Amino acid sequence: MDDLSRIDAALTRLLPTRAAPATLAEAMRYAVLSGGKRVRPRLVHAAGAIADARPATLDHAGAAVEFIHASSLVHDDLPAMDDDHLRRGKPTVHARFGEAIAILTGDALQSAAFATLAAAPAEAAVVRHWVRLLADAAGAAGMAGGQTLDIESEAKPSTETELEARHRGKTGALIRASVAIGATAGNLSEAEVSALDAYGAAVGLGFQIQDDVLNATGKANLGKPAGSDQRRGLPTYASVLGVAGAREAAHRQLRQALDALTIFGSRADALAALARGMIERER
Ligand code: GRG
């Protein structure tokens, strides 16, 4: 089984819908299983492979980060946030199931993430470390904080430093945590874990910068409306540095990510390919 089929099988198996009311279960499945590039669980698996971690352990860890990601997309699309009606080429969860069910779907997926970590076949101390990493990445200092800065920055001028802080919180933190979770799933030295952390931080920021570029350049295959940042008056790397400057900034992060992998030699080929795919992507 390739990584992607393995990840999708784990998401299907581990999504806790059995005891949920039928509508909520259907909305949770819709939010998680309707496509998506799965970059975060792929990072968990690729970092975990370097650490020689058990694939079954990585299935749980990868599913947990993807549940948080799916939860954030559902909430991000809500009328109170971006008010988007299209995601992955399909109606958003609130467009299809209504706003109340969408809020509850996001809530249930967040809980599912931590329940999945708690059930991971790993040592208690490792699971405890992951809970902390994931909670920090999703919470006030990570995604929820970054999204707050995002909302507050609408229609205001922004410096590159402010943009970087927003992007590292809103998007970078969960990507960085995905790598850190994989890195600590097996046996790596402190220096190796720290090199992977530098990789995760760079690739996380680079990924959101490229997202800004794609939103600004309006490629038709995004599966969501392009140009929405400009309509909201949201300062982005593309609006502050120009598209060419933003592409350059994304490539700087790619180079930093690749540099951080040099100590692993060819063992890090999969992570290097993922970094290129994430930062050079066109959708
Ligand atoms: C639910 C923990 C939690 C927080 C809520 C709404 C919110 C606070 C944060 C929004 C964070 C967000 C959606 C950031 C954008 C990140 C981003 C670039 C998403 C697109 O990721 P892809 O391209 O999507 O990996 P696919 O569809 O491929 O999975």
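Which ones in the range 114-167 are more than 16 Å from the ligand (Cβ to nearest atom), of a type in the set (A, V, I, L, M, F, W, C) and closer than 18 Å to D82 by Cβ? Outline the logic, then answer.
Within the range 114-167, the subset more than 16 Å from the ligand (Cβ to nearest atom) is 118-129, 155-162.
Okay, now just the ones that are also of a type in the set (A, V, I, L, M, F, W, C), so 118-120, 122, 124-127, 155.
Listed by number, the list holds a single entry, A155.
Return the pair list, or none, for Cβ contacts closer than 7 Å from residues in the range 139-164 that are over 15 Å from A238 (Cβ atoms) to residues that are away from the ligand (no atom under 16 Å from the Cβ) and in a loop (DSSP other than H, G, I, E, B), at least 6 apart or on different chains.
E154/G233; A155/G233
Quick check: is even one residue across the range 211-234 closer than 30 Å to A51 by Cβ and surrounded by fewer than 19 Cβ atoms within 10 Å (Cβ to Cβ)? Talk me through it step by step, then tell me what you get.
We begin by selecting, within the range 211-234, every residue closer than 30 Å to A51 by Cβ; these are 211.
Next cut, surrounded by fewer than 19 Cβ atoms within 10 Å (Cβ to Cβ) only: none.
No, the range 211-234 has no match at all.
Looking only at helices (runs of 4 or more DSSP H) that lie completely in the range 205-283, which have at least 1 residues being within 17 Å of the chain's Cα centre (by Cα)?
Ranges flagged: 237-260, 269-279.
Tally up the residues in the range 1-28 that are open to solvent by 20 Å² or more (accessible area, probe 1.4 Å), more than 16 Å from the chain's Cα centre (by Cα) and more than 14 Å from A113 (Cα to Cα), please.
So the answer is 14.
Could you tell me whether R54 is farther than 16 Å from L33 by Cβ and out of contact with any Ser or Thr (no Cβ under 6 Å at 6 or more places or on another chain)?
yes
Could you check, for the range 121-142, whether at least one of its residues is of a type in the set (K, R), open to solvent by 70 Å² or more (accessible area, probe 1.4 Å) and within 17 Å of the chain's Cα centre (by Cα)?
As a first pass, look at the range 121-142 and keep what is of a type in the set (K, R): 128, 132.
With open to solvent by 70 Å² or more (accessible area, probe 1.4 Å) added as a condition, the list becomes 128, 132.
Checking the rest, the ones that are also within 17 Å of the chain's Cα centre (by Cα) come to 132.
Yes, the range 121-142 contains a residue that is of a type in the set (K, R), open to solvent by 70 Å² or more (accessible area, probe 1.4 Å) and within 17 Å of the chain's Cα centre (by Cα).
For A100, which of the numbered conditions (1) in a helix (DSSP H, G or I); (2) open to solvent by less than 40 Å² (accessible area, probe 1.4 Å); (3) away from the ligand (no atom under 15 Å from the Cβ); (4) hydrophobic (A, V, I, L, M, F, W, C) fails to hold?
(2)
Take the range 148-187 and flag every residue that is more than 21 Å from R38 (Cα to Cα) and open to solvent by less than 40 Å² (accessible area, probe 1.4 Å). Lay out the reasoning, then the answer.
First pass over the range 148-187, keeping only residues more than 21 Å from R38 (Cα to Cα): 148-166, 186-187.
If the condition is that a residue be more than 21 Å from R38 (Cα to Cα) and open to solvent by less than 40 Å² (accessible area, probe 1.4 Å), then D150, S153, S158, L163, R166, G186 are the ones that fit.
For A25, all conditions in the list (1) free of Cβ contacts under 8 Å to residues at least 60 places away in the same chain; (2) over 23 Å from G172 (Cβ atoms); (3) in a loop (DSSP other than H, G, I, E, B) hold save one; what is the number of the exception?
(3)
Among what's in the range 2-45 and is of a type outside the set (A, V, I, L, M) and within 11 Å of the ligand (Cβ to nearest atom), pick the residue that is farthest from V193 (Cα to Cα).
Taking the candidates together, the pick is S34.
If you take the residues in the range 203-249 that are within 18 Å of M81 (Cβ to Cβ), free of Cβ contacts under 8 Å to residues at least 24 places away in the same chain and touching a helix residue (DSSP H, G or I) at 6+ places or on another chain (Cβ under 9 Å), which one is nearest to the ligand (Cβ to nearest atom)?
Here is the first cut: in the range 203-249, the residues within 18 Å of M81 (Cβ to Cβ) are 208, 211-212, 215, 222-236.
When the remaining residues are screened for being free of Cβ contacts under 8 Å to residues at least 24 places away in the same chain, the result is 215, 226-227, 229-231.
Pick out the ones that are also touching a helix residue (DSSP H, G or I) at 6+ places or on another chain (Cβ under 9 Å) and you get 215, 226-227, 229-230.
Values: N215: 9, A226: 13, G227: 16, D229: 11, Q230: 16 Å.
The extreme case among them is N215.
Within the range 93-118, track down each residue that is β-branched (V, I, T) and closer than 15 Å to L73 by Cα.
Within the range 93-118, V93, I101, I103, T105 qualify.
The values are calculated or read from the model by the stated rules, or taken from the named source; none is laboratory data. All of these numbers come straight from a predicted model, not from anything done at the bench. Please note: Cβ atoms are built from the backbone with ideal geometry, for glycine as well, and neighbour counts cover all protein chains shown. Just the protein is used for accessible areas: all its heavy atoms, side chains included, with ligands, DNA and RNA removed. Shrake-Rupley method; radii C 1.70, N 1.55, O 1.52, S 1.80 Å.
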